[in-house]
């Protein structure tokens, strides 16, 4: 099971919401099914989850994921623009469920 420290609505200096460290998510991700490197989909999901827990919007998370994730960039190049959006939506829904059950605080 993946273990990520999450911080709800954390803000950086100046009141702006901080972004999670994408590389840390990649390092903490389980191995891919093929066993060649980290599972980038899981890294993307958990990065999006932490961003949602910090209060970022789905739109902002989607745009930022396309900047930080090589998998999201590759999927967009293959005309699968929905990957980043769906990942952000699923993570935001999970963050909301966590808030309702008292997790992620």
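Laid out as a table, the results:
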quantity	calculated
Taking 58, 27 and counting other C-beta atoms within 10 Å, the order from fewest to most	27, 58
Packing-based exposure ordering (other Cβ within 10 Å, fewest first) of 87, 101	101, 87
Gyration tensor verdict on the range 12-105 (Cα atoms; rounded if a/c is under 1.5, prolate if a/b is larger than b/c, oblate otherwise)	prolate
Computed label-point distance, nm, for sites residue 21 and residue 93 using a 7 Å Cα→Cβ extension	3.1 nm
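Just so you know, all these numbers are worked out from the coordinates, no wet-lab data involved. Quick caveat: nothing in here was measured; it's all calculated off a predicted structure. Cβ coordinates were reconstructed from backbone atoms using ideal geometry, including for glycine residues, and neighbour counts include every protein chain displayed.
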